[in-house]
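Each remark here refers to the structure printed beneath this line.
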Amino acid sequence: MSVPSRIVLTGFSGTGKSAVAPLLAEHFGWDVVDTDRLVEEREGKPILDIFRDAGEDAFRDLESTAIADACARDNVIISAGGGAVLRTDNRQTLAQAAFVVCLEARPETILARLTSRGNTEQLDRPLLASGDPLSRITELKAARQHLYALCDWAVHTDGLTPEQVAVEVIRAHDERAAEILTTAGRVEAMTAPAAPAPTKTLHAVPEGAACMVGAASGEYPVFVGWGTLSGLGGLLRDAGIDRFAYVISDETVWHHLGDEVEASLRAAGIGFDSYTVPPGEASKTLDAASALYDWLIDHRAERGHTIVAVGGGVVTDLGGYVAATFARGIPLVHVPTSMLGQVDAAIGGKVAVNHPRAKNMIGVFQQPRFVLADAAVMRTLPEREIRSGLAEAIKMSLLDSEDHVDFLEDNADAILKLDRDATVEAVRRSVCFKAAVVSEDEFETTGRRAVLNYGHTLAHAIESTTGYSRFRHGEADGIGMMAAGRMSVAMGLLAPDVLDRQRALLERYGLPTSAVGLDRTRLLDAVALDKKVRDKKVRWVLLEGIGRPVLHDDVPDNVVASALDSVLD
Ligand SMILES: NC(=O)c1ccc[n+]([C@@H]2O[C@H](COP(=O)([O-])OP(=O)(O)OC[C@H]3O[C@@H](n4cnc5c(N)ncnc54)[C@H](O)[C@@H]3O)[C@@H](O)[C@H]2O)c1
């Protein structure tokens, strides 16, 4: 009797498919086709990039083609991606062509395997990115279990070496594979699931977290609280990224917070080393990143270790960029300590260093494993930094809702004094709004995330034409928001009284709404150079009302010019 000349290995990430497939191939004298690798080879880029550029559906289409092509070959061991069983068509193709073996493992075993191999598998990253990866694995695996169960044979791999698993698969193939060709209804049974495939659900928010960022490349909690920095070590432990921590900070922040960070890591029994850069934008360079690579190499940092960025936006951007690029990416945790860092910079995965000719020009997306925002640490932050950071909180509120704006209006005194409850709530509201936006449009491809640039186009022009020294970013943003608001009114989109309300709110927080001495011509040149210029048009974020941002690349030059005039004293 003929026996199928194909074996497919299905199962969750970390069950051992990639390790076992070559052993089987060697035994049978067959080839290995790893469907994830095949898709990557064909597309010329890693799976996460395919997810980012084209979305999960597009990846699943490519995966289906790879599975069909693999099944058209004879004498192959097919290692199928963990999500391959989600599609009915894939299960049918596999069942018709091959002896289907599911490799099983307990969530604890899976977590240990994924962590011990330094998180090398692209698609494992989102699994490990939540604050509680064990629960995430358990939940996702349970949701797919009814589909993994649709197989000819299952091998429980806990406690077995890949060689022992291979022996089990060979034995099953030798004893059972011939039967499958004559088993009536087998393909139908493996194709029709008892229950529909689950849809993606966000992991439950862990205790103490304000919200989750649910990005395609990583899902993670953002913790917002007061006096919570001491819990850093425990959170690293809970997240399973506690092998060694490389803490990056700036000298000022480390002077204030170094002892507490060190005590927390020691209490959790986590080995660590720390590195400080001088405070300020001048530290956000490729040279600074290069010095950090040297330091990491000197200390034999490896992929299972974690970078913890403790500081303002400069440190989280620099530390994040280094974490994203060192050894092709190592786990990252953000501990933002400035107002701008807490309400904005640490959320969303944009990390970058500056090019001498363009700010933030050298960057990537790298989502952290979690963000720990302790509002109490801002008690040592200079008042100007607090106000400037709050400009971003005001921006979030204008983009979000009336209720959010009301809150900032009603609690301005308390927030400016860093009153505990009001400050935590202000940070929480900003973080959760930005988390929701980023979750919808991680890589800024649909326009949803682009609305966060409200006021930024002109703000960047103001900062660059004044040498990044006269204004803090939030201050420039206040002026930029006023110009964008003015354009919105001139375009007939926004009621003038909403613009008045925006102005009053910025003034309430001591932020400038106009500036003297700016060079109008240089500002317009800088706007034209801005990276948000598309097809020679500037894409402005405008408002149709509070909570109703819109993108416009059709703002007439005279409207831009008169909006600019309105903010130049
Ligand atoms: N990645 C993003 O999405 C994003 C978003 C917005 C801004 N950014 C970036 O963030 C950077 C600006 O961030 P920033 O305003 O936090 O600047 P920063 O990191 O330079 O911090 C501002 C100052 O505050 C000090 N400081 C920070 N925390 C302190 C504390 N708790 N106590 C005392 N002093 C403290 C710092 O030492 C520094 O002198 C810019 O480079 C900007 O490009 C990034």
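Using only alpha carbons, build the gyration tensor for the chain and give me the equivalent ellipsoid semi-axes, biggest first, whole Å.
Semi-axes from the Cα gyration tensor: 49, 27, 20 Å.
Heavy atoms only, probe 1.4 Å: what % of the accessible area of the chain goes to carbon and sulfur, would you let me know?
Taking all protein chains in place, the chain shows 50 percent carbon and sulfur surface.
Over the chain, what relative contact order in percent results from Cα pairs under 8 Å that are six or more residues apart?
Worked out over the chain, it gives 11 percent.
Between S274 and D403, what is the label-to-label distance in nm when each label sits 7 Å out along the Cα-to-Cβ direction?
4.0
Taking each full run of DSSP H in the chain as one helix, which ones are at least 15 Å long along their axis (Cα atoms) and have mean Kyte-Doolittle hydropathy of at least 0.5?
Those that clear 15 Å and a mean of 0.5 are 17-28, 286-298, 313-325, 557-567.
Ranked highest first by the average count of other Cβ atoms within 10 Å around their residues, in what order do 235-242, 473-480 fall?
473-480, 235-242
Order 11-24, 416-429, 295-308 from most to least packed using the mean count of other Cβ atoms within 10 Å.
My ranking of the peptides, most packed first, is 11-24, 416-429, 295-308.
Given K17/K45; K17/K434; K350/K395; K284/K434, which pairs have Cα atoms separated by over 26 Å?
Check vs 26 Å cut-off fails for K17/K434.
Contact order normalised by length for region 250-315, with contacts defined as Cα pairs under 8 Å and 6 or more residues apart; what percent is it?
Over region 250-315, the number comes to 47 percent.
Kirkwood Rh and Cα-based Rg: tell me the resulting Rg over Rh for region 254-403, rounded to two decimals.
0.97
Provide Rg and Dmax in Å for region 211-276, with only Cα atoms included in the calculation.
When restricted to Cα atoms, region 211-276 yields Rg and Dmax of 12.9, 36 Å.
Take peptides 372-380, 183-191, 154-162 and line them up by average Cβ neighbours within 10 Å, highest first, as a rough protection proxy.
Put in order of decreasing packing, that is 372-380, 154-162, 183-191.
Please find the FRET efficiency linking R384 to E179, where r is the Cβ-Cβ separation and R0 is fixed at 60 Å, and quote it to the nearest 0.05.
Once rounded, the FRET efficiency stands at 0.20.
Using a ≥ b ≥ c from the Cα gyration tensor of region 432-565 (square roots of the eigenvalues), is it rounded, prolate or oblate, where a/c under 1.5 gives rounded and otherwise the larger of a/b and b/c decides, a/b for prolate?
Verdict is rounded for region 432-565.
The values are calculated or read from the model by the stated rules, or taken from the named source; none is laboratory data. Owing to the predicted nature of the structure, the values given are computational and were not obtained by experimental measurement. All Cβ positions, even for glycine, are placed from backbone atoms using ideal geometry, and neighbour counts span all protein chains on display. Areas reflect the complete protein model, heavy atoms only, side chains present, ligands, DNA and RNA absent. Shrake-Rupley method; radii C 1.70, N 1.55, O 1.52, S 1.80 Å.
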